[in-house]
Amino acid sequence: MYHHIKKLMYTVNVGTPDPRFGNMLLEQFGGANGELAAAMQYSIQGLNCDDADRKDLLMDIGTEELSHLEVVGTLARMHLKPMKKDRDAAEVDPLIAIAGGGGVSLFNSMGDAWTADYLKITGELDVDLRSNIAAEARAKIVYERLINFCDDPGSKDALQFLMTREITHMKAFTAALESLGKAPFSVGKIPPTPVLVDQYFNDSTGEGDEGESDARGPWNQGGEWEMVEVPELRQGVENLESRDDERPGKKERAGSPVPKTRARRSA
Ligand code: MN
Ligand code: MN
């Protein structure tokens, strides 16, 4: 059950309206990382959730995002208002000015219609929580960029509030994911193939014009990692050799270190 209270979650004050900034704000209204997308993603995940405790979390945050939608929509409307009467302002966003009468609608800053394709809903709680952590990180960085392009102190104040809440949500989703007690990299029930899972394929090689070269780091060395050099080139060599093997009288060779799944893919 939803209930609306005639009060914004955060008071919005705008000094001088800036229609161009109002247009940018629409990214957080009807955009891919915007508040409607967040509200729908978490609420619909919540509808699908069999875990009562995490369902409560998803519904709490999903509902808060609807309140954010109201705040950012109010802020955008205040900035877009000059489009109602001022021709120069209307030229900033004709779609909003002519079709929308200077108000907000569910479009992003480029006028693309909001779409359910923005939502990441898999029905697997830990996978959904990972999507939500990433969604909050994207929302945070978009708010940060909006703040950096904003001159109005009142608008900045409201955006700082909204940006901060995204970090709060990120913390909550992260804690919820950890509370599931799943082993790291354990997703679903079918285990990955041993050996292959720890092989790092050095698929980008050579030296770049800016001095880029093969990097080593904890993403490809130490622990269980095994570095596999240029598997595609080795695969070509292996194919030639195996053609030789098919000739009568050829002796059996030792196994190749190139993984079989990889061989099948390019066969
Ligand atoms: Mn939000
Ligand atoms: Mn959020």
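With respect to (1) in contact with a Leu (Cβ under 7 Å, 6 or more places away or on another chain); (2) surrounded by fewer than 17 Cβ atoms within 10 Å (Cβ to Cβ), the lone exception for ALA76 is condition (2).
Take the conditions (1) within 16 Å of ligand 1 (Cβ to nearest atom); (2) within 29 Å of PRO94 (Cβ to Cβ); (3) not polar (S, T, N, Q); GLY111 misses just one of them, which is (1).
Give me the residue from region 177-214 that is within 30 Å of LYS55 (Cβ to Cβ) and assigned to a helix (DSSP H, G or I) and, out of that set, least open to solvent (accessible area, probe 1.4 Å). Write out each step before concluding.
Step one: of region 177-214, the residues within 30 Å of LYS55 (Cβ to Cβ) are 177-192.
Filter once more, keeping what is assigned to a helix (DSSP H, G or I): 177-179.
Details: LEU177: 31, GLU178: 136, SER179: 65 Å².
The qualifying residue least open to solvent (accessible area, probe 1.4 Å) is LEU177.
Does THR174 count as in contact with a Leu (Cβ under 9 Å, 6 or more places away or on another chain), surrounded by fewer than 17 Cβ atoms within 10 Å (Cβ to Cβ) and within 24 Å of ASP60 (Cβ to Cβ)? Criteria met by THR174. With respect to being at pLDDT 95 or above, among the aromatic types (Phe, Trp, Tyr) and within 16 Å of ligand 1 (Cβ to nearest atom), PHE149 falls outside the description. Just a yes or no: is a residue in region 91-106 in contact (Cβ under 8 Å) with a residue 40 or more places away in the chain and within 16 Å of ligand 2 (Cβ to nearest atom)? No, that holds for no residue.
Looking across region 16-43, the residues that are away from ligand 1 (no atom under 16 Å from the Cβ) and open to solvent by 10 Å² or more (accessible area, probe 1.4 Å) come down to THR16, PRO17, ASP18, PRO19, ARG20, ASN23, MET24.
Just to be sure, is ASP88 assigned to a helix (DSSP H, G or I), open to solvent by 40 Å² or more (accessible area, probe 1.4 Å) and in the same structural domain as HIS169 (by TED's automatic domain parsing)? When the stated conditions are applied, ASP88 passes them. Among the residues examined, LEU8 does not qualify as in contact with an Asp or Glu (Cβ under 9 Å, 6 or more places away or on another chain), assigned to a helix (DSSP H, G or I) and modelled with pLDDT of 95 or more. Each residue in region 91-144 was checked for being surrounded by fewer than 14 Cβ atoms within 10 Å (Cβ to Cβ) and touching a strand residue (DSSP E or B) at 6+ places or on another chain (Cβ under 8 Å), and 2 of them qualify. Residues that are part of a helix (DSSP H, G or I) and among the small types (Gly, Ala, Ser) are absent from region 117-129. The single condition among (1) within 16 Å of ligand 2 (Cβ to nearest atom); (2) open to solvent by 60 Å² or more (accessible area, probe 1.4 Å) that ASP53 does not satisfy is (1). Among ASN13, ASN23, which is part of a helix (DSSP H, G or I) and of a type in the set (S, T, N, Q)? None of the others qualify; the one that does is ASN23.
The values are calculated or read from the model by the stated rules, or taken from the named source; none is laboratory data. What you are looking at is a predicted structure, and each value in this text was computed from that prediction instead of being measured. So basically every Cβ, Gly included, is an ideal-geometry build from the backbone, and we count neighbours across all protein chains shown. Quick note on the areas: whole protein, heavy atoms, side chains included, nothing else; ligands and nucleic acids left out. Shrake-Rupley method; radii C 1.70, N 1.55, O 1.52, S 1.80 Å.
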